[in-house]
Every structure is written in structure tokens, then in C-alpha cells.
Amino acid sequence: PSDTQMLDASLPAADEKRLLRVLRGERQQPPPIWLMRQAGRYLAEYRTVRAEAGSFLDLCYNPELACEVTLQPIRRFGFDAAILFSDILVIPHALGQKLWFEEGRGPRLEPLQGAGDLAALDPGRIEERLQPVFATLGLLQKSLPAETTLIGFAGAPWTVASYMIEGGSSRDFLKSKRWAYSDPEGFARLIGLLVEATAGYLIAQVEAGAEVLQIFDSWSGVWPEPEFRRWCLAPQREIVRRVKAAHPQVPIIVFPRGAGPLYVAVAEEVGADALSLDTTVPLDWAARHLQPKVAVQGNLDPALLLVGGAAQDAAVDRILKQLGQGRFIFNLGHGIDKHTPPEHVARLMERVRAQHSTPV
Ligand code: CP3
């Protein structure tokens, strides 16, 4: 080892991938870029494989095809990271809950009615049932270009619990909130079970080849502060603690969508290496209050990718200007929309990569 490595073991190695360098505390210019939901229906080649696979879940559990659709956006656009093709709802599925995807309606689950239904969930067989997901990661590790980082992921306990209780997507989360407010101990048991399952699942993803993990708390923005802290922040922190206890070097990105000013609490208290910013987070505020503490990722409005052209360019430039001075990963503020023209994604890539090296 060189002298520098011996002086500071946490310094990134010279050959380390660009996304990993940012997560270990360096600024990169141009910033690394990937997009949430970058594999999916906006790509014709995805629709072809999806039709061949059968159902969406069949695709998630088919390692060859899941590997193929993960690689499609890498081949087309050359993103700095590939995100495992799977879904946050494979955890309830592996716990034994009925899950299916209805065309045009999204995910459907046989809803949990209360703490009495927890006995039917079996956390002991998750790793066995999710073997195809680990096999996909193994295939990806062998097939990805040397410069591309492999991201594994899971949903955060609250977001996953909301689907388990509502039986699918929801507007108001009233069943979940009614349960949490009327029976907090019972609800805490469900969240605790999901912390356990999710931490074990993420650790197994690292062992199967994931180099970075992202935790999606897509619905964290619906709670008052005390409940946000109890049902979103604390479970995120416990998962990060468990994963880091097993794999101290693995960087973790947390996406507490809609957390508003509580993004600061997440930056200070969860122990994540990076936060993914939703579209509403003000850039100057993030640069001042978040970026000194963690790397930030985001936050182009996915709707701008429907429009493209000058409107898209101006928004991209504004983000690069305001967040590009610090530790930054370019991404969207939420998942890409299925109506996005792929040419607009190509234009985004060109614009971000055209940022040349400038000193901080
Ligand atoms: O490319 C990637 O980002 C990796 C794959 C990925 C999917 N879902 C594939 C998918 C990831 C990371 C997810 C995460 C996910 N899934 C979240 C968290 C992120 C977010 O968007 O907030 C949530 C809430 C889910 C649950 C889920 N899965 C919903 C609500 C839906 C229906 C929405 C829709 O667009 O139809 C899904 C289905 C789903 N997950 C699709 C894909 C590509 C579309 C299914 C299809 O091809 O028919």
C-alpha cells in the first residue's frame, strides 16, 4: 500500500468508481448520474422483455431477465450506476402475504387488518424465498461495465407497511394511520418485524454483490413530526446500524420523500452516507443544511423529462450550479414516468456529462 493509503484508510482508492468516490466524501465533476426507476416501461426493450416474462413478479424472480432489464438503461445511456431490478414489495411477498400487480392499477395485496394478522407472517424464510434476487445481483456483478456501480435497495418499514395495510397504493393512508394511532404497540411490532427482515435482506444483497444500498421511504412525508421520528427515522436508523455493523464499508443512501425540514434530522441522526432529495427540496437550503453533513442526490422533477428541450436544460443547469459545488449525485426527485421519451434522457446525460472539471 502507498503512504497515502496508510495515512488514511478511508481515502478512496485511485481506481474507485465515481459514484463510490462521492459516497466516500469526494466531489466529482461531472457528478455521477443515475435515475430512479431507470429500467422500465419508457424503454421499448423493457416492454419486449416484460411481455416475454409473463407478469411483473415473474420478471422480478427471473435472474436472467431481471439482469437483462437492469442492464438495458446502462447500455443505452451509460449511467454511473445500475439499480437491481426488483420491487420493494418482494419483502411482504417473502413474508407470506399475497401480492399481485394489476395492469393499470399497480400493486395489490391482501391487506393486514391488525396485529392479529402478524402471526401469519414468517420472517424465517426471507433469504430462501428471495434467492432469485440474490442470483440477479450475482449475474449483474459479472456483467456490468467496470466503471458502473451496482445498487441494491429495499423499501423502508413505514412505506412497505403502508402497502401491507392499505392493500395497495393509497391517497390518505387512513387505515395505516388509524392502526398506528389506536394500537401503537401492535403497529410497532409490524415495524419491528420489517426492520428485522429488511436489515437481513440488505445485508444479504451486499453479500450477493451490491456495492451501495438505497432505502426508499416514499411515503415518509405524510406524518406529524413525532410519528415521522418513530415510524420513519428510527427504523431507518436501526436498519443502517445493523447493515453497517455487518458491512461497515457499504455506503447507504436514504430517500425520505416529503420529509421537508426533517431532512436535517435524517442527515444528522440516521447515519446514512447520502440523502436522495425529492423534487420540492430547495437547492440553496440543501446546499447549506444537508450537503455539509452528507452527500446529496437528486432532484430533477421527473415531469421535466416529459417536456425536454430548453425547459429541461434550464432546470438541469440550476441543479448543477447549486448542488455541483459539493458532494453530489445527479438524479430525479422521484421515479421516471413511463411516458418519458428516451431522447430526453439522452439529452439529460449529455448536458450533465458536459460539465467539465472546475475547482471547488
Ligand atoms: O429501475 C429501478 O429503479 C429499479 C426497480 C424498481 C421498481 N420499483 C420496478 C418497478 C424500484 C427501485 C422500485 C421501488 C418501488 N416500488 C417503490 C419506491 C420508489 C418509488 O417510486 O416511490 C415503490 C413505492 C414501489 C411499489 C410499486 N411497484 C408501485 C407503486 C408500482 C406501480 C407503479 C407503476 O409504475 O406501475 C410498482 C410496479 C413497478 N415496480 C414497475 C417497475 C418497473 C412497473 C411494473 C410493470 O412493468 O408493469
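Please treat every number below as a calculation from the coordinates, not as lab data. Worth saying up front: this structure is predicted, and the values here are computed from it rather than measured. Please note: Cβ atoms are built from the backbone with ideal geometry, for glycine as well, and neighbour counts cover all protein chains shown.
Considering the Cα trace of the range 283-350, what is its radius of gyration and what is Dmax, both in angstroms?
Rg, Dmax (Cα atoms, Å): 12.3, 36.
Return the whole-Å distance between the Cα centroid of the range 16-67 and the Cα centroid of the range 282-360.
So the two Cα centres are separated by 18 Å.
At 222 nm, what value in deg cm²/dmol follows for the chain if DSSP H runs of at least 4 each add -39500 (n - 2.57) and the sum is divided by all its residues, to the nearest 500? The partial results should precede the final answer.
Values: 17 runs with 166 residues, N = 360.
Helix-only estimate at 222 nm: -13500 deg cm²/dmol.
Going 7 Å from the Cα of LEU118 toward and past its Cβ, which residues in the range 173-208 have a backbone nitrogen under 14 Å from where you end up?
So the set is 179-197.
Mind sorting MET36, MET164 by how few other Cβ atoms lie within 10 Å of their own Cβ, fewest first? Walk me through the numbers before you get to the answer.
Working: MET36 21, MET164 24.
Placing the least packed residue first, the sequence is MET36, MET164.
Could you list LYS175, LYS338 so that the one with the fewest beta carbons within 10 Å of its beta carbon is first and the one with the most is last? Walk me through the numbers before you get to the answer.
Values: LYS175 17, LYS338 12.
In increasing order of surrounding Cβ atoms, one gets LYS338, LYS175.
Across the chain, how many lysine pairs separated by 8 or more positions, or lying on different chains, have Cα atoms within less than 25 Å?
Count of close lysine pairs: 9.
Work out, in µm²/s and without decimals, the Stokes-Einstein translational diffusion coefficient of the range 22-353 at 37 °C, 0.692 mPa s, Rh from Kirkwood over C-alpha pairs.
Working: Rh = 20.1 Å.
It comes out at roughly 164 µm²/s.
Taking only Cα atoms and a 10 Å spring cutoff, compute GNM fluctuations for the chain and point out the largest among SER220, SER143, SER86.
For the chain, modelled as a Gaussian network with Cα springs under 10 Å, the answer is SER143.
Bin by bin, in steps of 5 Å, what percent of the Cα pairs in the range 124-205 do you find, going until the bin that has the longest distance?
Taking every Cα pair in the range 124-205, the percentages come to 3, 12, 20, 17, 15, 12, 10, 6, 3, 1, 0.
Under a 10 Å cutoff between Cα atoms, tell me which one of LEU71, LEU290, LEU306 has the largest fluctuation in the Gaussian network model of the chain.
LEU306
What distance in nm separates the two pseudo spin-label positions at LYS293 and GLN29, each 7 Å out from Cα along the beta-carbon direction?
In this crude label model, LYS293 to GLN29 measures out at 2.7 nm.
Between ALA53, ALA245, ALA197, find the one with the highest GNM mean-square fluctuation for the chain; connect C-alpha pairs within less than 10 Å.
In this elastic network of the chain, the residue with the biggest mean-square fluctuation among ALA53, ALA245, ALA197 is ALA245.
Once Lys and Arg get +1 and Asp and Glu get -1 on their Cβ, which of LEU277, HIS334, VAL294 lies farthest toward the positive end of the dipole of the range 254-360?
It is VAL294.
Based only on other Cβ atoms within 10 Å, what is the fewest-to-most ordering of CYS232, CYS60?
Numbers: CYS232 29, CYS60 24.
Least crowded to most crowded, the residues run CYS60, CYS232.
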